[in-house]
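I have placed the structure first, in the form of structure tokens, so that the comments after it can refer back to it.
The values are calculated or read from the model by the stated rules, or taken from the named source; none is laboratory data. Everything numeric in this text was worked out from a predicted model, so none of it was measured. For neighbour counting, all protein chains shown are included, and Cβ atoms are generated from backbone atoms with ideal geometry for every residue, glycine included. Keep in mind that these areas ignore ligands, DNA and RNA; they rest on the heavy atoms of the full protein, side chains included. Shrake-Rupley method; radii C 1.70, N 1.55, O 1.52, S 1.80 Å.
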2 protein chains.
Amino acid sequence: MATIKDVAKEAGVSVATVSRVLNGTDRVRSETVTAVQNAIEKLNYHPNFLGRTLRRLETMKILVVLPTISNQFYSRVIRGIQSVAMQQGYHVMLVTTENDPEAETEYIEMVRRRLLDGIIFLFSTLDCVQIANLAAECPVVVASETIPGLTGVSSVTINNRAAAHDAVQFLIENGNRRIAYLSAGRLYGSSFERYEGTVDALHQAGLTIDKRLLLDEGLTYKAGRRAARRLLEMNDLPDAVFSASDAAAIVLMHTLMEEGILAGRDISVMGFDNNSIAEYYNPALTTVAQPQLEIGQKAMELLLKNIRNPDSPVEQLLLPHQLVIRESVRLTGKAGN
Amino acid sequence: MATIKDVAKEAGVSVATVSRVLNGTDRVRSETVTAVQNAIEKLNYHPNFLGRTLRRLETMKILVVLPTISNQFYSRVIRGIQSVAMQQGYHVMLVTTENDPEAETEYIEMVRRRLLDGIIFLFSTLDCVQIANLAAECPVVVASETIPGLTGVSSVTINNRAAAHDAVQFLIENGNRRIAYLSAGRLYGSSFERYEGTVDALHQAGLTIDKRLLLDEGLTYKAGRRAARRLLEMNDLPDAVFSASDAAAIVLMHTLMEEGILAGRDISVMGFDNNSIAEYYNPALTTVAQPQLEIGQKAMELLLKNIRNPDSPVEQLLLPHQLVIRESVRLTGKAGN
DNA sequence: CCTTTTCATGTAATCGGTTACATTATTATC
DNA sequence: GATAATAATGTAACCGATTACATGAAAAGG
């Protein structure tokens with residue numbers, strides 16, 4: 001591995017001159033430039049970033065923490081992050097924690113230790129205190145997910161409570177009164193907010209939630225299967241299921257279908273996120289869409305502000321959600337109450 | 001940001017002693033250890049990795065290059081990579097190129113410049129010469145995807161040609177004679193190998209491929225839609241469609257269904273990869289499974305060998321594939337020829 | 001009590017770059 | 001032609017750590 005010294009020797013100049021040629025920071029005689037470039041070519045030299053970043057104390061790289069990449073939702077958020085990052089000369093590294101807190105702290109150390117310039121959490125196993133402490137030391141943005149009790153850290157989310165409220169209200173307006181809620185319990189802050197929104201909407205319609213219909217099975221495909229089995233074990237199916245993820249909703253529909261229960265005809269199913277598969281599943285899934293691309297873009301913009309000016313004000317953005325009506329919810333027009 | 005010097009001053013010792021305490025490399029008097037630890041605590045000091053890795057010339061981190069994370073297939077491969085990496089104290093960073101060659105070279109520079117210890121390609125826009133050159137400079141493994149003409153670089157894949165052969169032979173055995181092939185054309189090396197396997201199986205059965213039935217629409221959901229539309233525009237549907245991805249196969253089924261054509265009854269559809277959705281779609285998708293987890297594990301093991309001993313021999317592993325028979329292919333027992 | 005080991009710690013070189021400052025060569029000005 | 005201004009390049013300090021080597025103190029051996 002050739003170093004800058006080898007290049008300097010080869011070109012017959014000092015390392016400082018080589019550095020100047022590499023960075024274009026200072027004037028260098030054109031013949032010298034040529035000599036250096038020839039030496040670089042000859043030795044197949046690639047500057048070692050570590051030296052540079054050690055001196056400059058910036059890496060032009062940021063970290064994004066995901067729970068898992070098997071959730072389709074994140075791909076579009078990441079595309080949003082990447083589009084802004086690229087434009088500004090930053091690179092994006094992804095890291096999945098698979099819900100392993102130890103793995104997460106290991107990666108966070110990389111930011112603390114200045115191997116990366118900032119961090120965007122799309123999920124975290126850390127609590128609000130830990131995240132706030134981290135944010136005091138380095139640039140942090142939380143996006144798409146919420147951390148209960150977190151203040152003083154910039155974030156970009158939808159209003160999960162309002163979104164769930166709208167979704168459940170839509171179910172109620174279409175004649176569904178007994179509504180099950182399928183989510184990940186307390187693992188995700190957003191799940192809990194959606195729970196609150198669900199309760200809000202039920203209360204507003206004079207309904208109460210049946211504890212047996214709170215299905216804390218998770219957000220995965222498998223969670224949908226478990227939830228469906230639990231429902232089937234009860235004697236009376238609910239009118240509707242509101243799932244905090246599309247993946248779970250789809251497998252729930254699939255499992256109910258095996259028993260001849262068709263979503264959109266025999267039961268209503270509402271998802272969350274508007275993954276591509278929601279559109280293509282049969283029956284197509286009615287769901288709540290999040291502006292994934294925009295969430296990513298805004299998150300990166302906030303992070304850049306924070307990197308460039310550590311004293312930039314904290315911003316907590318709420319982006320608009322949208323109900324996407326397809327086939328899986330029975331439409332009875334104005335009904336119910 | 002406190003540095004090791006600050007800690008040394010605070011504790012009244014030299015930086016060397018602080019470093020020794022941090023790394024446990026040498027004996028230090030227990031009172032001194034305590035003093036240093038107190039100073040670290042007091043200053044909230046976190047060692048800067050750059051200094052360390054600059055000196056040690058290793059980062060304990062590797063890079064995985066993906067085309068996109070919206071493809072479910074990669075999540076399990078990555079889990080395999082991560083399981084081995086974690087065990088060995090390595091960290092995994094992911095990077096998506098979204099088919100952007102410029103982005104890819106930027107990330108590769110990070111490995112060249114020793115910011116990362118090695119690289120696993122699950123996809124690449126580079127050609128075999130470029131990858132071979134890179135491999136001459138730093139540890140490289142290619143996994144799950146193949147690069148046409150690549151030699152001298154370790155790799156882990158299935159035998160795509162044989163897998164496609166098996167899949168198509170199964171279609172033929174069940175009475176399908178006119179078979180369409182849906183793939184990404186030349187973008188992925190594996191797609192082409194699967195094409196060759198398809199042709200092999202057809203030839204073997206005395207059949208030839210209809211050029212109009214070569215659908216190079218891609219591997220995405222949208223590709224499935226486009227392919228279905230093209231088929232619908234023809235007057236005579238094929239007996240079967242063999243898709244190089246499950247995602248495309250599923251949307252193809254969905255689109256055909258809109259016209260009343262049901263996979264498993266009116267047409268046969270065979271996917272590739274065995275994504276979770278293949279099991280849960282309705283009708284469930286018959287597909288070819290790859291040992292994703294094992295591909296990831298083996299890839300990381302090969303990379304580690306290469307990192308630890310740059311002269312370790314090149315290995316090109318072929319792992320077994322498996323046909324997963326579900327509902328989307330009509331079963332007529334022994335038929336056809 | 002003197003010499004040899006062992007232990008604990010400090011000093012300074014080093015990793016691969018960047019950059020403030022110094023130095024020398026060249027050109028411009030009067 | 002002497003002086004001042006400018007351009008090109010070199011020297012060496014520096015970023016934040018690690019570590020070979022040096023040093024001095026304490027313990028062990030005779």
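General remarks:
- Each eigenvalue of the Cα gyration tensor of the range A:4-47, multiplied by 5 and square-rooted, gives one semi-axis; in descending order these are 14, 10, 9 Å.
- Here the 3J(HN,Hα) profile of the range B:262-267, calculated from phi with Karplus coefficients 6.51, -1.76 and 1.60 at θ = phi - 60°, is 9, 5, x, 10, 9, 7 Hz, Gly and Pro shown as x.
- Cα-based Rg of chain A normalised by 2.2 N^0.38 Å, two decimals: 1.28
- Which listed pairs, of A:LYS5/A:LYS42; A:LYS222/B:LYS305; A:LYS305/B:LYS222; B:LYS5/B:LYS42; B:LYS61/B:LYS298; A:LYS9/B:LYS5, have C-alpha distances above 25 Å, in listed order: A:LYS222/B:LYS305; A:LYS305/B:LYS222; A:LYS9/B:LYS5
- Debye equation applied to the C-alpha atoms of the range A:116-249, log10 I(q)/I(0) at 0.13, 0.17 Å⁻¹: -0.60, -0.89
- P(r) histogram, all alpha-carbon pairs of the range A:38-168 included - 10 Å bins from 0, percent: 11, 37, 32, 13, 5, 2, 0
- Cα Rg, Dmax (largest Cα-Cα span) when computed across the range A:187-306, Å: 15.9, 55
- In the full protein context, the range B:4-47 carries 65 Å² of accessible surface per residue, based on a 1.4 Å probe and ignoring ligands, DNA and RNA.
- Cα-based radius of gyration of the range B:267-337 once divided by 2.2 N^0.38 Å, which approximates compact folds: 1.61
- Listed residues A:GLU294, A:GLU259, A:GLU173, most fluctuating in chain A (Gaussian network, C-alpha, under 10 Å): A:GLU259
- Relative contact order [Cα under 8 Å, 6+ residues apart], the range A:4-47, whole percent: 43
- Total accessible surface hidden between B and A, rounded to 100 Å², 1.4 Å probe: 5300
- Descending semi-axes in whole angstrom, ellipsoid equivalent of the range B:230-270, from the Cα gyration tensor: 15, 11, 10
- Taking all pairs of distinct alpha-carbon atoms in the range B:53-125, Kirkwood radius in angstrom: 12.7
- Threshold 50 Å², the range B:265-308 residues less accessible with all protein chains present than alone (1.4 Å probe): B:ILE277, B:TYR280, B:ASN282
- Taking all Cα pairs closer than 8 Å and separated by 6 or more residues, the relative contact order of chain A comes to 18 percent.
- In the range A:54-85, the residues whose accessible area drops by at least 20 square angstrom when the other protein chains are added to the isolated chain are A:LEU54, A:LYS61, A:ILE69, A:SER70, A:GLN72, A:SER75, A:ARG79, A:GLN82; the probe is 1.4 Å and only protein heavy atoms count.
- Backbone HN-Hα couplings from phi across the range A:311-328 [Karplus 6.51/-1.76/1.60, Hz, Gly and Pro as x]: 9, 4, x, 6, 10, 10, 8, 10, 9, x, 9, 8, 7, 10, 8, 10, 10, 7
- Long-range amide H partners of A:GLY218 with built H, under 5 Å: A:SER183, A:ALA184, A:GLY185
- Couplings 3J(HN,Hα) for the range A:277-290, derived from phi with the Karplus relation 6.51 cos²θ - 1.76 cosθ + 1.60 (θ = phi - 60°), are 5, 4, 6, 9, 6, 10, x, 5, 8, 6, 7, 9, 8, 10 Hz, where x marks Gly and Pro.
- Structure remark: mean-square fluctuation, Gaussian network model of chain B, C-alpha springs under 10 Å; the largest value among B:ALA184, B:ALA249, B:ALA39 belongs to B:ALA39.
- Anisotropy class of the range B:97-139 from Cα gyration tensor, a/c 1.5 cut: oblate
- The H on the amide N of B:GLY118, modeled in the peptide plane, is under 5 Å from the matching H of B:LEU63, each at least 5 residues off or on a different chain.
- DSSP-loop GluC sites (Glu not before Pro) across the range A:3-58, with at most 14 other Cβ within 10 angstrom: A:GLU58
- Taking amide H atoms as placed 1.01 Å from N in the peptide plane, the amide H of A:GLU145 has no partner under 5 Å among residues 5 or more positions away or on other chains.
- Rounded, prolate or oblate (a/c below 1.5 giving rounded, otherwise prolate when a/b exceeds b/c) for the range B:184-242 by Cα gyration tensor: oblate
- Virtual spin-label span in nm between A:GLU58 and A:GLN204, 7 Å along Cα→Cβ: 4.5
- Taking the square roots of 5 times each eigenvalue of the Cα gyration tensor of the protein assembly as shown, largest first, gives ellipsoid semi-axes of 47, 36, 21 Å.
- Each part gets one Cα centre, and for the range A:1-47 versus the range A:227-295 those centres are 62 Å apart.
- Expressed as a whole percent, the accessible area of the protein assembly as shown that falls on carbon and sulfur atoms is 48 (1.4 Å probe).
- Remark: relative contact order (the range B:160-290) = 24 percent; criterion is Cα-Cα distance under 8 angstrom and separation of 6 or more residues.
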